[in-house]
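The structure appears below as structure tokens.
Derivation of every value follows stated rules applied to the coordinates shown; laboratory data play no part. Predicted model only: the values in this text are computed from it and were never measured. Virtual Cβ from ideal backbone geometry, glycine too; neighbours counted across all protein chains shown.
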Amino acid sequence: MPQRKLWIPGFITTLLVVVAMLLSACGGGSSSGNSGGASNGSAAAPDDKQVFRWPQAANSDFVSLDPGLIQYTDGNYIAKTIFSGLVALDAKGEVADLLAASHQVSPDGLTYTFTLKDNLKFSDGTPITSQDVVYSLNRTLDPATKSDVAFYFELIKGYDQFQAGKVKTLIGSSLLAPDPKTVKIIISKPAGYFLAALTYTASNVVNKKLIDKYGTRWTDHMEEGGTVGPFKVQSYSHTTGLTVVPDPNYFGTKPKLKKIQFVLSGDLDTTYKGYQAGQYDYTPIPPVNLDAAKSKKGFRTVPELNTWYLALNYLTPPFNNIKVRQAFALAINKDLLNKSVNRGAYRPTNNIIPPNFPAYNPNVKGPDGTTSTSGNPDKAKQLLQEGLQELGMKSVPELTFTNRNQKLTQDIASAIIQQWQDNLGVKVKQDVLELAKFNDTIQAAQNNPKGAQIWFAGWGADYSDPQDWLSVFFEPGVSNNQSNYGQNNSADAAAQQAVQKQLQQADASSNQEERFKIYQDAEQKIVNDVGWIPLYHRNINRLINPKVVNYELNGYDDLSAEQWAQVYIAQ
């Protein structure tokens, strides 16, 4: 289940300010305030009490803690404490220099030059130079690394040749280290979002010495000096979790916390009960417990920059017919789904791009041409019959809904399957997989007529640009286009390919107003084509120990390095 995400074109200053204002406006919404219920002037507890206990609300280990491989929320959250890149999002949601002291963009928009800060060091005290930066980026792009997030940097010149094995490295061609403090990155074409994309975790600096020593198992040995962040790894266990402590070699503000424990805490319900028992300082809230949690001290909520959706594989009949796809979309009452399964915790939607995000369009309509999110079963039945007739099929064969092994996602799938049976008379079975297997299965759906037919997933913002919602899923050849939008032989494939050209046009434009209009038009067409069936936008509903000061909840659901440095436990 792809999920996460973080950021925006460095030269679109006005947009950055707007995003910062939007994120700031979303920051309240709780009785305990945005600092966890403790006043910013509260006296700090003794050092032995400066421990923040964060639970990983899942039944398994973190999917990956390797920056070049991280694509899930848990890894990104942790990475902010122990890794750094040239640039990052700051507390206001703006792109800011991090390891870089400054950066410049050439007049033609193709060369980005970064000057590193002085005295940068890994957690073992080894100096960090420009060679470490280009090595880390090159490693992510290297096909041997098998990174599913390398595509974030596909603008780097030579990316395609590297991925195809036609060149052995980009170091010395588009990734340059002319001296120990200078990094030059050359991209293949001007793009309004490259600097923002560079804030993604996969560009973070890693220690070549550790990787040479341990290979793909290097993250098991990060305590030997493989990190650069406000904290360093003290210990890591695949069965209990990760513990970090302040890194004395960190170049930035030193943390007030003396320890963060990232604990493998079990499923969501178990984690919530553990918080209530005082085992953790933070917890997500199961929808069934939301009403009760709202009255508790430490409750906070903000809109999440996240969309949960269904995907249908264009290559698997009967979803190679647009009317059948629209029928399955309109047979879902999203309002009822949110009320019955999510207990009213979220916001039903027809949108791909979420509210409080650049290029959000509040007027996106569903495939029936209305803004309703309650479904249209009569229209759905009509479309299904028309679509089946066009396909020469008398009925819909039994379909498979590929899902992951989590109670809430299974409950959501069951509710949708029941609506399809009630409104369309079709039968759908669930195939429940562990997360890693689920991810592999969905990825294998690309260009595969025998691949997964239906799946449920979520996507959160990586950076504050609509390119991260539309182009990364629906452009030709991108790795996230598992539903095969525009890559099929359906009757409307040509129209989809025209939308793909629109997205590419918007990606390359430097005119903010123009590119946002193009993205909005493309989004509506993709919704009409049922590239996704958007279901809802989540809120981030959390309980945070009132003694935790300066924990700033935001729509990205993580903290920047500077924000982590300000968190502490009050007496």
Give the long-range amide H neighbours of Tyr568: residues separated by 5 or more places, or on another chain, with amide H under 5 Å away, using H modelled in the peptide plane at 1.01 Å from N.
Val549
Between Gln421 and Gln382, what is the label-to-label distance in nm when each label sits 7 Å out along the Cα-to-Cβ direction?
2.7
For Phe401, what residues show an amide H to amide H distance below 5 Å, using hydrogens built from the backbone and excluding near sequence neighbours?
Lys429, Gln430, Asp431
If you take the charge dipole of the chain about its Cα centre, with +1 on Lys and Arg Cβ and -1 on Asp and Glu Cβ, which of Asn320, Tyr536, Thr113 is farthest toward its positive end?
Tyr536
Could you run the Debye sum over the Cα atoms of the chain, one equal point scatterer each and no solvent, and tell me log10 of I(q)/I(0) at q = 0.10 Å⁻¹, two decimals?
-0.84
Listed pairs Lys339/Lys525; Lys209/Lys256; Lys334/Lys365; Lys365/Lys427; Lys232/Lys437 exceeding 20 Å between Cα atoms
Lys339/Lys525; Lys209/Lys256; Lys365/Lys427; Lys232/Lys437
Mean 1/r over distinct Cα pairs of region 306-537, inverted to a Kirkwood Rh in Å, yields 17.7
Run the Debye formula on the Cα coordinates of region 431-519, all scatterers equal and no solvent, and tell me log10 I(q)/I(0) at q = 0.14, 0.16, 0.17, 0.18 1/Å.
-0.58, -0.73, -0.80, -0.87
Using θ = phi - 60° and the Karplus form 6.51 cos²θ - 1.76 cosθ + 1.60, what ³J(HN,Hα) does each residue of region 238-249 get, whole Hz, x for Gly and Pro?
6, 10, 10, x, 10, 10, 10, 9, x, 9, x, 8
Kirkwood hydrodynamic radius (C-alpha pairs) into Stokes-Einstein, region 346-423, 25 °C and 0.890 mPa s, D in µm²/s
160
Per-selection metrics, region 283-434 (Cα): Rg and Dmax in Å:
17.1, 60
With point charges of +1 on the Cβ of Lys and Arg and -1 on the Cβ of Asp and Glu, referenced to the Cα centre of region 306-537, which listed residue (Leu388, Ala359, Phe456) lies farthest in the positive direction of the dipole?
Leu388
At 20 °C and 1.002 mPa s, the Stokes-Einstein diffusion coefficient in µm²/s for region 58-262, with hydrodynamic radius from the Kirkwood sum on alpha carbon pairs, is 124
Distant-in-sequence amide H partners of Val63 (H built 1.01 Å from N, under 5 Å)
Gly75
Cβ-based net charge around Phe401, under 13 Å, with every Lys or Arg adding one and every Asp or Glu removing one
0
Would you mind counting up the charge near Ala491? Only other residues with Cβ under 14 Å from its Cβ, with Lys and Arg at +1 and Asp and Glu at -1.
-2
What fraction of the DSSP beta bridges in the chain is antiparallel, stated in percent and rounded to the nearest 5?
75
Asp440 to Ala43: FRET efficiency via 1/(1 + (r/R0)^6), r the Cβ-Cβ distance, R0 51 Å, to the nearest 0.05?
0.50
Work out from phi, with θ = phi - 60° and the Karplus expression 6.51 cos²θ - 1.76 cosθ + 1.60, the ³J(HN,Hα) of each residue of region 543-560, listed in order in whole Hz, and give x for Gly and Pro.
10, 10, 3, x, 7, 7, 9, 6, 7, 9, 6, 9, x, 8, 6, 7, 10, 6
Across region 414-422, in residue order, what do the Karplus-derived ³J(HN,Hα) couplings come to in whole Hz, using 6.51 cos²θ - 1.76 cosθ + 1.60 with θ = phi - 60° and x for Gly and Pro?
4, 5, 5, 4, 5, 5, 4, 5, 5
With the contact rule set at Cα under 8 Å and sequence spacing of 6 or more, what percent relative contact order holds for region 58-262?
26
Cut-off under 22 Å on the C-alpha distance; same-chain residues fewer than 8 positions from Lys157 excluded. Which lysines are left, in chain and number order?
Lys146, Lys166, Lys168, Lys181, Lys184, Lys189, Lys501
The chain, dipole about Cα centre (Lys/Arg Cβ +1, Asp/Glu Cβ -1), debye to the nearest 20:
720
Nearest 0.05, what FRET efficiency do Asn511 and Ser188 give at R0 = 22 Å with Cβ-Cβ as r?
0.65
Give the value in nm², to one decimal: projected area of the alpha carbon convex hull of region 513-560, averaged over all directions.
5.7
